[in-house]
Every structure is written in C-alpha cells, then in structure tokens.
1. For a quick protection proxy, order the peptides 145-154, 81-90, 184-193, 214-223 by their average other-Cβ count within 10 Å, most packed first.
2. Enter the per residue convex hull volume of the range 199-284, computed from alpha-carbon coordinates, in Å³ rounded to the nearest integer.
3. Which net charge results for the neighbourhood of GLN195, defined as the other residues with beta-carbon distances under 15 angstrom from its beta-carbon, given Lys and Arg at +1 and Asp and Glu at -1?
4. Provide the net charge surrounding LEU117, with neighbours chosen by a C-beta distance below 12 Å and charges set as Lys +1, Arg +1, Asp -1, Glu -1.
5. Just to be sure I understand: if I project the alpha-carbon convex hull of the range 92-190 onto a plane and average over all orientations, what area do I get in nm²?
6. Computed from the coordinates I sent, mean projected area of the Cα convex hull in nm² equals one of (i) 14.5; (ii) 17.4; (iii) 26.9. Tell me the label.
7. Mind counting lysine pairs for me in the chain? Cα separation below 21 Å, and the two need to be 8 or more apart along the chain or on different chains.
Amino acid sequence: MSSSSSSLPASRRLRAPAVSGFSFRRVFGRIGYVNKVSIATSLALLLLWQLAASFEVVPAMFLPSPFAVATKLVSVSRDGFQDATLLEHLLASVGRVTAALVAAVVLGVALGFAMNLSRTAQGVITPVLELYRPIPPLAYLPLVIIWFGIGEFAKVLVIFLGILPSIIIATNEGLRSVSPDRVNAARSLGATRAQVIFFVLLPHAMPSILTGTRIGLGAGWATLVAAELVAATKGLGFMIKGAADFLVTDVVILGILVIAIVAIVMEMGLRIVQRVVAPWQGRE
C-alpha cells in the first residue's frame with residue numbers, strides 16, 4: 001500500500017494543509033470589485049499628480065509634488081502652522097462640525113415630524129425652509145456676524161444652517177412613505193399616539209433620517225471653510241485661508257486632503273451606524 005502510494009505523481013499525493021499566512025492575493029481577493037476600481041483610480045490620480053509635478057506642467061509654487069505635501073504634513077504636525085499644530089486645527093474643525101451635526105439632527109428630526117403630523121406646522125416651516133435652503137452659506141454669513149458676533153457660536157451656527165435642510169426633508173419624506181395600514185394596525189391594537197411615533201413611524205423613517213444626515217454632513221464640511229473665516233484662530237479652514245494668503249500651496253493642499261480624509265472617515269462611520277440602527281433597510 002505504501003509502495004503504490006509512493007508511485008503516484010507528486011501532483012496527486014495528499015498534501016498537508018498550507019499554513020495560513022499573509023498573502024497579497026488573499027487580501028486583495030477579499031476586496032470587492034468596486035473597491036478595487038476605487039483604489040486603482042486613487043493610485044492613478046496620485047501617479048498623475050506626481051508626473052505633473054515632476055515635469056513641472058505647473059510651477060512647483062502652485063502644484064507641489066505629493067512628496068512635498070507629505071513632508072509638510074510631518075512638519076506641520078510637529079511644529080505647527082499659524083500657532084497651532086495640525087492636530088489642534090483638526091480637533092477644532094471636527095468639534096465644530098460635530099456640534100453642528102448633532103444640533104441639526106435633533107432639531108431637523110423634530111421639525112420633520114412636526115411637518116408630517118401637523119398641517120399648521122407644515123404651513124409654517126415649509127416657506128421658511130424653502131426660502132433659506134438654496135442660499136449658500138457665504139450669503140448669510142455677514143448677517144450671522146452682525147447678529148451673533150464672531151464667537152464660536154456664529155461658526156457652529158453657519159455649519160448648522162448648512163446641514164439642517166437635508167435632515168428636515170429626509171425625515172419628512174421618510175415619514176410620508178409609511179404605509180397607513182401599519183399605523184392603523186398599531187392603533188387597532190391599542191397603541192397610543194406616542195407609541196405609534198416611536199415604534200412605527202420612527203423606525204420606518206430611520207433609514208431616510210440617516211441618509212439625510214450623511215448628506216448634511218457633506219454640506220457641513222463644505223460650509224466649514226466659510227465658517228472658519230470668521231475670526232478663527234484654529235481650524236482646517238483657517239489654516240487653508242492663512243496658507244493661501246502667503247502662497248504656501250503645500251499647506252493648502254494638505255488642508256484640503258485632511259478635510260477629505262476626515263469627511264470620508266465620518267461618512268464611513270455613519271454608514272456603520274446606519275447598518276446597526278436600521279439593518280432592515282432594503283429588505284422591506
């Protein structure tokens with residue numbers, strides 16, 4: 001038996017299972033097709049940037065290389081820029097956006113419910129919402145300064161006003177899509193008005209609320225630079241504005257990239273929250 005088995009070709013002999021270890025092929029194989037394309041696109045853009053800088057398609061003063069920006073990342077993180085390190089600028093901006101986002105979610109969900117549950121509230125809120133929703137933050141920024149000064153509240157308020165409309169609209173649309181049969185079934189079982197709101201309406205509208213929150217987060221980061229123009233001493237927008245005034249282009253690009261990366265991380269966090277809080281989304 002042993003002699004016959006030894007005469008088999010090496011390719012047909014039984015082999016011990018391979019010891020699991022790190023493999024680029026195994027890791028890369030677990031990445032979805034869309035993510036592979038995204039990674040390839042990002043690398044291609046980075047390569048194109050490096051080539052444009054190497055061949056000086058644009059002068060280095062206006063388009064520094066990725067290596068120059070990476071070097072500036074180290075120096076700004078260690079030595080700071082405009083009396084604050086990169087981490088201090090980052091924490092100031094994230095704090096403002098987070099405070100504005102939380103306030104917008106609380107008020108936006110409440111106003112969305114009010115519009116859905118009361119015709120009077122809908123008549124009051126709709127014209128105000130439609131009046132200021134298309135206005136860019138830079139347009140009402142001077143008015144915010146006149147009314148509320150140049151303190152921290154004014155900066156958070158400008159970001160808050162940029163986030164709020166998407167959450168109100170998403171909440172209202174999510175509630176409008178609730179089937180009347182669900183509400184009637186809950187009422188026939190003896191549910192109170194509060195129970196209908198918290199156990200029927202809110203769970204159904206939760207995916208829309210979270211989607212509106214994600215959209216509002218993007219608007220909040222887009223408003224950040226405008227908000228930090230108001231006599232700020234720290235913040236990514238303040239850092240970008242100060243660097244632009246002195247043509248320190250590598251710091252400008254660094255600030256833009258940091259904003260993009262942090263916004264993507266917060267977006268991914270909201271997606272995780274969406275899967276945890278509303279796992280039924282897309283299964284109804």
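All of the numbers you see were taken from the coordinates with simple rules; none came from a lab. These numbers come from a predicted model, not from an experiment. With ideal geometry, Cβ positions are generated from the backbone for all residues, glycine too; neighbour counts draw on all protein chains shown.
1. Details: 145-154: 13.1, 81-90: 17.6, 184-193: 11.2, 214-223: 21.3.
The most tightly packed comes first, giving 214-223, 81-90, 145-154, 184-193.
2. Details: hull volume 8.9 nm³, N = 86.
Given the Cα convex hull of the range 199-284, per-residue volume reads 103 Å³.
3. On the way: positive: ARG182, ARG187, ARG193; negative: none.
My count for the surroundings of GLN195 gives +3.
4. Working: positive: ARG119, ARG176, ARG193; negative: none.
It works out to a net charge of +3.
5. Details: hull surface 32.1 nm².
Its average projected convex-hull area is 8.0 nm².
6. It is the value labelled (iii).
7. Details: LYS72/LYS234; LYS72/LYS241; LYS155/LYS234; LYS155/LYS241.
Taking the Cα cut-off of 21 Å, the pair count is 4.
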